[in-house]
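Structure first, commentary second.
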Amino acid sequence: QVQLVESGGGLVQPVGSLRLSCAACVISFSTYTMGWYRQAPGKQRELVATIASGGITNYAKSVKGRFTISRDNTKNTVYLQMNSLKPEDTAVYYCNARRGVVNSWGQGTQVTVSS
C-alpha cells in the first residue's frame, strides 16, 4: 500500500481559491495513477480528478475549467488547484493512488466554502 498525506484544506469564501497537496511515501511514484475524490455529508464519495502516469488528466464535469490536477514526480506529490470555489464544493477531499491491485487512500482534508 501507499502512504498518502493530504494538506491544504480549510475555509474559503465563494469564488476563492485553494491548493491541495498530497505527498506519497512510495517507490516509483511516477508509475501510479493519482487522483482526488471528495465526499460531502450524506453523499457518496465521488471522483474529482485523476492524472495518469503519462500525465493524461480527467475531470468531473462539475469541476472542469475550475480545478487543475498536476503532479511533481521529483517530489512524489500531486496537487489540486481549486479556483472559483462554490459552496457545493464543500467536502472532505481524499487523495488516491492506484496501480494494479494497489488502491490506497489518504486520510482526507476538509474544504469548506462559505461566506
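The values are calculated or read from the model by the stated rules, or taken from the named source; none is laboratory data. Bear in mind that the values here come from a model prediction, so they are computed numbers and not experimental data. Note that we place each Cβ from the backbone using ideal geometry, even for glycine, and neighbour counts take in every protein chain shown. What goes into the accessible areas is simple: the full protein's heavy atoms, side chains included, and nothing from ligands, DNA or RNA. Shrake-Rupley method; radii C 1.70, N 1.55, O 1.52, S 1.80 Å.
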Practice task
Determine whether the stretch 64-79 contains at least one residue that is buried (at least 16 other Cβ atoms within 10 Å of the Cβ) and touching a residue at least 60 places away in the same chain (Cβ under 8 Å).
Solution key: yes
Exercise for the section: Under 7 Å between Cβ atoms, at least 6 apart or on separate chains: pull out the pairs that start in the stretch 86-105 with a residue that is touching a residue at least 24 places away in the same chain (Cβ under 8 Å) and end on any residue that is open to solvent by 10 Å² or more (accessible area, probe 1.4 Å) and part of a helix (DSSP H, G or I). Expected result: ARG99/THR31
Practice task
Consider SER114 carefully, then state whether it is of a type in the set (S, T, N, Q), open to solvent by 20 Å² or more (accessible area, probe 1.4 Å) and out of contact with any His (no Cβ under 8 Å at 6 or more places or on another chain).
Solution key: yes
Exercise for the section: Return yes when VAL5 is in contact with a Cys (Cβ under 8 Å, 6 or more places away or on another chain), open to solvent by 30 Å² or more (accessible area, probe 1.4 Å), outside any loop (DSSP other than H, G, I, E, B) and in contact (Cβ under 8 Å) with a residue 12 or more places away in the chain and no when it is not. Expected result: yes
Handout entry: Any hit, the stretch 17-36, residues being of a type in the set (A, V, I, L, M, F, W, C), in contact with a strand residue (DSSP E or B) (Cβ under 8 Å, 6 or more places away or on another chain) and more than 21 Å from ASN76 (Cα to Cα)
Key = no
Exercise for the section: Sort through THR31, THR112 and tell me the only one that's touching a residue at least 24 places away in the same chain (Cβ under 8 Å), in contact with a Gly (Cβ under 8 Å, 6 or more places away or on another chain) and among the polar types (S, T, N, Q). Expected result: THR112
Completion exercise
Per the filter on the stretch 39-60, residues over 15 Å from the mean Cα position of the chain (by Cα) and among the basic types (Lys, Arg) are LYS43
